[in-house]
Amino acid sequence: MLGCLHAASRTELTYAMAVEIAESDTVVLPEEEAVSLLSREARRVQVLRSYDVLDSLPETVYDDITLLASQICKTPIASITLVDANRQWCKSTYGIDGGDSPREHGLCSYAVENGDDIFIIPDTHGDTRFANNPYVTGDPGIRFYAGVLLMSPEGYALGTLCVIDREPRQFDADQRKALRALSRQVTVLLEERRNASALRKAHRARKMMHAALERSEALFREAYENAPIGIALVSTEGHWLRVNKALCDILGYDAEQLLNTTFQTITYPEDLEADLRLVQQMLSRQLRTYQMEKRYCHRAGHLVWAQLNVSLVWDNDQPMYFVAQIQDISERKHAERAKVEFLAMVSHELRTPVTALRGATRLLTSGSAGELPAKAQSLVSLADRNADRLHRLVSDILDQEKMESGAFEYRKTQIDIEQLAEQAAQELTGYAEQYHVTIETHCRMPQAMVDADPDRIMQVLANLISNAIKFSPQGARVEIHVEPVSDRVRVSVVDHGSGIPEEFHPHIFKKFAQANSTATNRKGGSGLGLNISRSIVEQHGGTLAFRTAAGVGTTFYFELPAINPSRLEPTK
Ligand code: ADP
């Protein structure tokens, strides 16, 4: 069939042919033309099918129209024929059986492809295009045909309203007018049908969507209600808007009681300020989420420790509500507290004897108690080093405990941090010599004045420098730099040791954290030094951080607000 397409006029191109062209690899029409024909025809079929009329049951309103058409045009046969992709299907017929027939050879199909609004064949026998048509030579023996196109509002021909006679005849102007008028009635009916079908489909889709939404909403609600963690929606003023069962259990209230309170009323007063500060930062978009450990007042009167995670839902620029996750961590907190209290108790008991022991070994090693034999001298030195280590451990634990209970005192005064760094370097020279390490200080600013407790900052410096020494290879240098950074003073302690393993970075400031406890233990230490140092620096409004590279070394640095930032100029 493709071969004859060279000669075929465009109007003779059927849908089936167009499909064949598109699927064939021996395309004989220019690709663009074939595709545009195919897509227009495909769209026509799509539009026809949107009427949902093909294969529908007979309907009197359509039958009335074919009856009228046949009577007005005085023909024995009339039909409303719709032209589908590969077939013609009659919605209504008069004087002939309905149903469907192949599209090929169908005269209505021809009328649709022809595209004229009315298509008339006065005598098929005298028309070379149709003289041999099987519907002409065989049943129903068509001699006369007149079909008016049924047009969709989008401009596609869906089929025809046609009248047929077994005799040749003329079609007068009145009959044409009447057939056109009747065809308009058919399109009105079809349009109504399409609208009703679209409405039905939309309604069905809405119902399905609604059911799906309800299902997912129910699933979500169930998950939310039964979550093993407290979840709440909280208004921007602090009112509980929705609370789940786990949260009610944690706080000892039932949902209704909670919904009548605010988070402020049941927050332990000492924790409220910090919480409100974070809330404000979220409302002013400085934070996207926040986490904190805080205490709530349980309805029964006791306190509940909770891990709180909060995010804020926005509607454009309007903050809508907070989503809060609240996890009961009371047990963990009690266990931590018990551990700290136990250590504090043991340390208190140890402090007096250890201080006395250290004093005694100091006296012995300094020779105050007389000259000792060489063997005894080395044993006493060993005892002295270990007494010192024990003393530091006990002090660290006690400092830690004081810090947690808020009893750590700060006596702030104006200090020159550069002088303090020099002093720390001097005090640790002896320690550095034990490790065959040298200490250098580099100051890039004169008079780096800060408001700080000199003993506590000395404690930080001593910890950072002693760590740097401990983790340096023999013969290496530890450098201390003091420099201005914006309105702050930065003190950095640089070593050229092996660096800190990456997996340890998140834990380094935690209590009792040591990267490699066996190696570290040989070097001594409690794993508390950095934790204490960071708390001290933060209490001074500063920050403590580090950078490290394997095999290159580590820099710990802390920054404190300078008293007079305008005077912070690096020395040339
Ligand atoms: P410690 O008393 O054990 O030194 P710290 O809290 O001061 O306790 O340090 C914790 C751990 O951090 C150390 O045990 C070590 O593993 C690691 N660390 C600290 N400083 C350095 C450094 N300069 N180089 C390599 N590792 C370090």
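The values are calculated or read from the model by the stated rules, or taken from the named source; none is laboratory data. On a predicted model such as this, the values are computed, not experimentally measured, just so you know. Here the Cβ is made from the backbone with ideal geometry for all residues, glycine too, and neighbour counts use every protein chain on show.
Screening the candidates Val380, Val346 for the property of being of a type in the set (A, V, I, L, M, F, W, C), modelled with pLDDT of 85 or more and out of contact with any Asp or Glu (no Cβ under 6 Å at 6 or more places or on another chain) yields one hit, Val380. Being under 20 Å from Thr262 (Cα atoms) and either part of a helix (DSSP H, G or I) or in contact with a Ser or Thr (Cβ under 9 Å, 6 or more places away or on another chain) (or both): is that true of Val234 here? The answer is yes for Val234.
Leu247 meets the stated requirement of being more than 30 Å from Ser152 (Cβ to Cβ), part of a helix (DSSP H, G or I) and modelled with pLDDT of 95 or more. Taking the criterion of being surrounded by 21 or more Cβ atoms within 10 Å (Cβ to Cβ), under 60 Å from the mean Cα position of the chain (by Cα), of a type in the set (A, V, I, L, M) and under 17 Å from Arg184 (Cα atoms), would at least one residue in the stretch 64-82 satisfy it? Yes: one or more hits. Applying the set (1) charged (D, E, K, R); (2) touching a helix residue (DSSP H, G or I) at 6+ places or on another chain (Cβ under 8 Å); (3) at pLDDT below 95; (4) at negative phi to Asp52 leaves exactly one unmet item: (4).
Consider Arg392 carefully, then state whether it is surrounded by 12 or more Cβ atoms within 10 Å (Cβ to Cβ), assigned to a helix (DSSP H, G or I), among the basic types (Lys, Arg) and away from the ligand (no atom under 16 Å from the Cβ). When the stated conditions are applied, Arg392 does not pass them. Here Asp384 meets each of (1) more than 24 Å from Gln459 (Cα to Cα); (2) touching a helix residue (DSSP H, G or I) at 6+ places or on another chain (Cβ under 6 Å) with one exception, condition (1).
Restricting attention to the stretch 365-389 and to residues that are of a type in the set (A, V, I, L, M, F, W, C) and surrounded by 15 or more Cβ atoms within 10 Å (Cβ to Cβ), the residue that is farthest from the chain's Cα centre (by Cα) turns out to be Leu372. Among the candidates Gln400, Gln419, the residue that is of a type in the set (S, T, N, Q), part of a helix (DSSP H, G or I), surrounded by 14 or more Cβ atoms within 10 Å (Cβ to Cβ) and modelled with pLDDT of 90 or more is uniquely Gln419.
Within the stretch 133-158, residues that are over 20 Å from Ile118 (Cβ atoms) reach partners that are part of a loop (DSSP other than H, G, I, E, B) and β-branched (Val, Ile, Thr) with beta carbons closer than 7 Å, at six or more positions or on different chains, in the pairs Pro140/Ile96.
The single condition from (1) under 25 Å from Val491 (Cα atoms); (2) part of a helix (DSSP H, G or I) that Glu409 fails is (2). Are any of the residues in the stretch 208-225 at pLDDT 90 or above and under 20 Å from Gly301 (Cβ atoms)? Looking for residues that are at pLDDT 90 or above and under 20 Å from Gly301 (Cβ atoms), one finds none in the stretch 208-225, hence no.
For Glu559, the criteria (1) at pLDDT 75 or above; (2) near the ligand (Cβ under 7 Å from one of its atoms); (3) of a type outside the set (A, V, I, L, M) hold in every case but one, which is (2). Cβ separations smaller than 9 Å between residues 6+ apart or across chains give the following pairs from the stretch 329-348 residues that are closer than 23 Å to Leu308 by Cα to residues that are aromatic (Phe, Trp, Tyr): Ile329/Trp305; Ser330/Trp305; Glu331/Trp305; Arg332/Trp305; Lys333/Trp305; His334/Trp305. Summed over the stretch 502-516, the residues that are of a type outside the set (Gly, Ala, Ser) and within 8 Å of the ligand (Cβ to nearest atom) give a count of 5.
Inspect the stretch 491-499 for any residue being away from the ligand (no atom under 16 Å from the Cβ) and within 16 Å of Phe558 (Cβ to Cβ) and give the result as yes or no. No, the stretch 491-499 has no match at all. Name the residues in the stretch 414-467 that are hydroxyl-bearing (Ser, Thr, Tyr), more than 23 Å from Asn531 (Cα to Cα) and within 16 Å of the ligand (Cβ to nearest atom), would you? Tyr435, Thr438, listed by residue number. Looking across the stretch 468-490, the residues that are more than 14 Å from Val552 (Cα to Cα) and near the ligand (Cβ under 9 Å from one of its atoms) come down to Ile469, Lys470. Right, Ala344: farther than 23 Å from Tyr431 by Cβ and either surrounded by 13 or more Cβ atoms within 10 Å (Cβ to Cβ) or touching a strand residue (DSSP E or B) at 6+ places or on another chain (Cβ under 6 Å) (or both) or not? Taking the combined requirement at face value, the residue satisfies it.
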